[in-house]
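Below you'll find the structure, written out as structure tokens, and then a few comments.
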Amino acid sequence: MDFQDYKGVWVFIEEKDGVIAPVSLELLGAGRKLADKRGVELGGILIGENIKSLAATIFEYGADIAYVYDQPIFKHYRTESFMKALLDCSNKHKPEIILFGATSTGKDLASAVATDLPTGLTADTTELDVEEETGLLLASRPAFGGNIMATILCKKYRPQMATVRSKVMKALDPQPGRKGEVIEEKISLKEADIRTKVLEIVKETTKKVRIDEADIIVAGGKGLGSAEGFQLIHQLAETLGGAVGASRDVVEAGWVEHARQVGQTGVTVTPKIYFAIGISGAIQHIVGMKNSGLIIAINKDSEAPIFEASHYGIVGDAFEIVPILIEQFKKAISREEVSHVREV
Amino acid sequence: MLHIVACIKQVPDTKIIKMNPKTNTMDRRTAPAILNPYDAHAVEEAVRIRERYGGTVSVLTMGPPPAVKAIKKCIEIGADEGYLITDRRFAGADTLATSYALTKAIDKISKIKPVDLIICGKMSIDGDTGQVGPGIARRLDIPPLTSVNKVVEIQQEKGYCVVHRKLEDGHEVIQSSMPCLLSVEKTINEVPYSPFPNMLKAARYEPHIWSVDDLEDVDIKQLGLKGSPTIVSKVWAPPKPEGGTMLEGSPQEQVEQLLSIILERKELFSVKEES
Amino acid sequence: MSEKFDAIVVGAGPAGISCAYDLAKGGANVLLLERGEYPGSKNVMGGVLYRKMMEDVIPEFYKEAPLERPIVEQRFMMMDKESAVTFGYKGMEWGKEPYNNFTVLRAKFDQWFAEKAVEQGAVLINETVVLECIVENGKVVGVRTDRPNGDVYADVVVLADGVNSLLAQSLGFHKEYKPDEVALATMEILKLDKKVIEDRFNLEDNQGCTIELFGDATKGILGTGFLYTNKDTLSIGVGTLLSGLIKHKIRPYDLLEYVKNHPMIRPYIQGSEPQEYLAHLIPEGGYNSMGKIVGDGVIVIGDASQLVNAIHREGSNLAMTSGRLAAETILQAKEAGDFSERMLDEYRLKLLNGFVGQDMKKYKDSTHHFDKFPQYFDQYIPMMNKAASQMFTVDGSSKWEKQKKIWSDIGSTKEKMKIARDFYRAWKVIK
Ligand SMILES: Cc1cc2nc3c(=O)[nH]c(=O)nc-3n(C[C@H](O)[C@H](O)[C@H](O)COP(=O)(O)OP(=O)(O)OC[C@H]3O[C@@H](n4cnc5c(N)ncnc54)[C@H](O)[C@@H]3O)c2cc1C
Ligand SMILES: Cc1cc2nc3c(=O)[nH]c(=O)nc-3n(C[C@H](O)[C@H](O)[C@H](O)COP(=O)(O)OP(=O)(O)OC[C@H]3O[C@@H](n4cnc5c(N)ncnc54)[C@H](O)[C@@H]3O)c2cc1C
Ligand SMILES: Nc1ncnc2c1ncn2[C@@H]1O[C@H](COP(=O)(O)O)[C@@H](O)[C@H]1O
């Protein structure tokens, strides 16, 4: 394999109903940096039906080239058809790096493509860098339940591939009118060649989270006073998109079901953020949450042991602090999100 | 009669893993080995399909000899047979080398009884990639169907099945030719409390154990560390946030400080993927 | 109906595993049922395992078993609020084969031990709770588990389900324990650097120390505490009669916190990190509260039959011996094809005539005695501390004067007589 033949950084552009997924724009931002460091071009691959017009958008977000496969057969995402397009493109134009969003589609496609090429694929990357001279991609990701970070390299194969989590990279501010080169491609693929069919697409709006799998847990304790008081915890959890947790005393009082109990006789959790509100911090509780990424305690009693187990603490009345938090958070988030394209 | 192979893995329970802060290595002693939770659902789904349509459920794992325990767990869930491929030459495999080895084992299992359906978990909690399943499918040249959260029907005679694939905002109904490979979500089923006769069977069950030499047409260069394009070059502990800081000021000010801390992790506050 | 076994052993603690091991070794088809995720997963013990009784089951087990440290020093601390009188023995002969005893962590040890029984041919099933014995015509013929299709049958059922055996209770073998028949023990396993442990306890690599705590460790309530060294953890715990906790309205966990913060203890555990918190009952009624232990098709062993020597913190050894004797009897019964109460009663006789029964009888009044006369714990231990303090404080007065003062501080002649009587009585129950 002659590495000299492989040039350029690519991003697979995920699209649905004519809208580009935010993660793809974020990856264009990240890819731009890698491409600049290497002094190569940034490409975006667009596969779909009636998607050619999206090329303009990806140029505004940093791409130099758009590789476009615009054929009816790509109306719905299917592993086999998209994979064939991507393999075709990669074999023809030989990029050194291809990035995918770590979404269901991105991961599905990347896994299939990497096996066929074959090459190495790093999943769920949260940090990206490249060696200027060699073009070696430094893809870092959390491992073992977030306990450690690992940098993964693919030294002997090209292209190098990675899927990247949403919202960890930053999209560039779009530059209206920024132009690039559109390369239109086509593959001959008949419907009969493809072994899967999309029969129907069903949209759902409900979300639910299991507490031991949640990234954010808002846990409340006896300090909330009553089942009514505990509603505050539900409100905060809902605002943050997290799951509700509780101390044993709360569960025993019947304010929430046992499945939400954190601790020795409940579940052990390692969310990225853990709020302990009105929880004193008994050892049996602590053992169930101490490995969480970021622990925030709110308690009236400045001596409460929970503060020793927390990264940040607020001494105060939950009924005063939490409503302010909910309100401020909503404001902050709506400020952040305005400019963004629809969620994938 | 269907023959379903579920690929399963034994993993350290990452929930209880502790890191040695000095060496940045895992204290494996504190992390008991368990059946990858996602794979329990894969096996359960295979068992349910067998109950609906008849057939055999085999489980397959690549791992060290103690992985027999994970196979036994699958027998408890209701699997009929278990295969362990274990060999020093498999060690250090990344997803590409893992899918290669598993494919060779599936080839051999197919010779015992042709395989109609392969089911994997969505991901392993240690490898955490979800890449092995699709990798196997590509190598066998069968359709990979990831994020499956419902098996609607299986038409063995007609050679197709219909499943739901979970999407970020709903699901799609997919028809696929068979054989094919499914990677399943946890939500696809609940793994019930195993009946006693299964427990008894599992306690006594001895799985088939194969080494590299028991498999056919194996290219040794594609196995283990040698066959793995990716390498882990560096491992470090994620920087801990400033510990034990007490926020100060008026409630309003405290909340503002808190907000700026949590919004550093803005990526978390999105429509979370359900799993 | 699933197959029938020669024997079903309920509970994979030291008693049940020993029994299943010997049964399997003797050629019986034996099923060992355990409710925990694995044997030992939830089992609690301060952690002293006695070499002799374990060797009766597996000779030279110490060459292979997961043990923490062989114990070379045993200390006793009579504690007051801010002082302690300590005595003990350290002997290097205990540090080499064949050893005297070891500290163990049950989660590891029981798992290993059960593995050994499986190697002998026992069938082990975890995560399965036995709900009740299946009784037909007054004879126990099997057990009902909590799993679907969960009935299993056997010629004989061995109940090794630990203290407060609900199964023996449901057969009417014993009543629910009264608060003065059981102690509630709470303990924590504290993580501490191996080197730090060895420095603090004055130990060489692979040596262990046990400290038994009396007096203020339990705030004067009848009970004891302990602090044991493991490889890179410490086990610390307190146990008191349930009746004492009720009377003094103390939560067991608070008592443990109290001990951990006691000035005599805190320096030993400073900087350690709690790893596990455990709570468990200990049967302390002794010989007098032992119930029926043999019936048609059923035998009760270990803690389930109240076999604990409260004075000498022995339990696992008695459990193992009872398990061994039960296996012996069952193998004979199998030979004879007779599993009646009369046949199985051989077990009871062997048990009571052996060291287990002897010890149980010898100490039969001890717990009761100390419970009735709380002054040992709440008066005499502080008195000892005061005396020692006066004796060893160098303040210019002569040792004669000190002794005289100590003697007069104890009280009037009448009080002195009472103390002498108490000490004699205590001596009689524990000697
Ligand atoms: C064997 C055993 C197992 C156990 N297992 C578990 C377990 O798995 N999980 C578990 O959680 N517990 C467990 N416990 C119980 C544990 O010991 C504690 O009792 C329990 O965690 C206390 O719950 P809490 O913090 O909600 O209540 P409390 O200890 O009553 O604390 C309430 C806290 O709220 C604060 N507060 C009061 N009002 C306000 C306000 N308006 N605003 C802010 N703060 C306020 C108070 O200062 C106090 O710190 C176990 C106990 C034992 C013995
Ligand atoms: C704090 C503490 C310190 C101690 N220190 C010592 C010491 O240093 N040295 C010593 O020798 N002894 C000590 N003991 C006593 C010792 O732990 C016991 O005597 C010993 O464990 C008894 O063994 P066993 O097999 O009878 O019961 P256990 O060890 O209690 O085992 C019973 C088993 O049965 C299982 N079980 C119970 N019910 C069911 C059911 N329905 N279905 C299925 N399975 C069931 C349980 O999960 C458990 O595994 C201590 C006890 C405590 C609490
Ligand atoms: N060593 C292995 N043996 C068998 N199956 C595996 C192995 N590793 C991964 N798998 C399967 O592939 C799925 C995804 O794993 P991963 O790609 O490691 O996240 C798992 O849920 C298993 O079903």
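The values are calculated or read from the model by the stated rules, or taken from the named source; none is laboratory data. Just so you know, these numbers come straight off a predicted model, no measurement behind them. Counting neighbours? That spans all protein chains shown, and the Cβs are built from the backbone with ideal geometry, glycine included. Please note that ligands, DNA and RNA were not included when accessible areas were found on the heavy atoms of the full protein model with its side chains. Shrake-Rupley method; radii C 1.70, N 1.55, O 1.52, S 1.80 Å.
Worth pointing out:
- Filter pass, residue A:156 being assigned to a loop (DSSP other than H, G, I, E, B) and over 25 Å from the mean Cα position of the chain (by Cα): yes
Okay, residues lined up against (1) part of a strand (DSSP E or B); (2) closer than 17 Å to residue A:297 by Cβ; (3) modelled with pLDDT of 95 or more:
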{"position": "A:199", "(1), (2), (3)": "yes, no, yes"}
{"position": "A:205", "(1), (2), (3)": "no, no, no"}
{"position": "A:208", "(1), (2), (3)": "no, no, no"}
{"position": "A:218", "(1), (2), (3)": "yes, yes, yes"}
{"position": "A:233", "(1), (2), (3)": "no, yes, yes"}
{"position": "A:236", "(1), (2), (3)": "no, yes, yes"}
{"position": "A:239", "(1), (2), (3)": "no, no, no"}
{"position": "A:245", "(1), (2), (3)": "yes, yes, yes"}
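- Test: residue in region B:44-58 that is touching an Asp or Glu at 6+ places or on another chain (Cβ under 7 Å) and away from ligand 3 (no atom under 15 Å from the Cβ): yes
- Selection count, region B:100-131, where residues are open to solvent by less than 30 Å² (accessible area, probe 1.4 Å), part of a helix (DSSP H, G or I) and of a type in the set (A, V, I, L, M): 5
- Cβ-Cβ distances below 9 Å connect the following pairs, each with a first residue in region C:409-422 that is over 16 Å from residue C:382 (Cα atoms), a second residue that is open to solvent by less than 100 Å² (accessible area, probe 1.4 Å), and a separation of six or more residues or different chains: C:418/C:375; C:418/C:411.
- Lone unmet requirement of (1) under 27 Å from residue A:17 (Cβ atoms); (2) within 10 Å of another protein chain (Cβ to nearest Cβ); (3) open to solvent by 10 Å² or more (accessible area, probe 1.4 Å); (4) not small (Gly, Ala, Ser) for residue B:149: (2)
- Considering region B:132-144, and only residues there that are hydrophobic (A, V, I, L, M, F, W, C) and surrounded by fewer than 24 Cβ atoms within 10 Å (Cβ to Cβ), the residue that is farthest from residue B:50 (Cα to Cα) turns out to be B:140.
- Apart from one condition, residue B:81 fits all of (1) in contact with a helix residue (DSSP H, G or I) (Cβ under 7 Å, 6 or more places away or on another chain); (2) under 30 Å from residue C:37 (Cβ atoms); (3) more than 8 Å from chain A (Cβ to nearest Cβ); the exception is (1).
- Filter result for the condition that a residue is within 25 Å of the chain's Cα centre (by Cα), facing chain A (nearest Cβ under 8 Å) and either at pLDDT 90 or above or more than 23 Å from residue B:129 (Cα to Cα) (or both), over B:209, B:174: B:174
- Selection from region A:271-301 of residues that are free of Cβ contacts under 8 Å to residues at least 24 places away in the same chain and within 8 Å of chain B (Cβ to nearest Cβ): A:294, A:296
- Scanning region A:125-139 for residues that are open to solvent by less than 10 Å² (accessible area, probe 1.4 Å) and either under 30 Å from residue A:270 (Cα atoms) or facing chain B (nearest Cβ under 8 Å) (or both) gives A:125, A:137, A:139.
- Single residue of A:105, A:119, A:163 found to be buried (at least 20 other Cβ atoms within 10 Å of the Cβ), at the interface with another protein chain (Cβ under 10 Å from one of its Cβ atoms), assigned to a loop (DSSP other than H, G, I, E, B) and not acidic (Asp, Glu): A:119
- Flag for residue B:251 being facing chain A (nearest Cβ under 7 Å), over 30 Å from residue A:325 (Cβ atoms) and modelled with pLDDT of 90 or more: no
Matching residues to (1) in contact with a Pro (Cβ under 7 Å, 6 or more places away or on another chain); (2) away from every other protein chain (no Cβ under 14 Å); (3) within 12 Å of ligand 2 (Cβ to nearest atom):
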position	(1), (2), (3)
C:257	no, no, no
C:264	no, yes, no
C:268	no, yes, no
C:274	no, no, no
C:294	no, yes, no
C:301	no, yes, yes
C:313	no, yes, yes
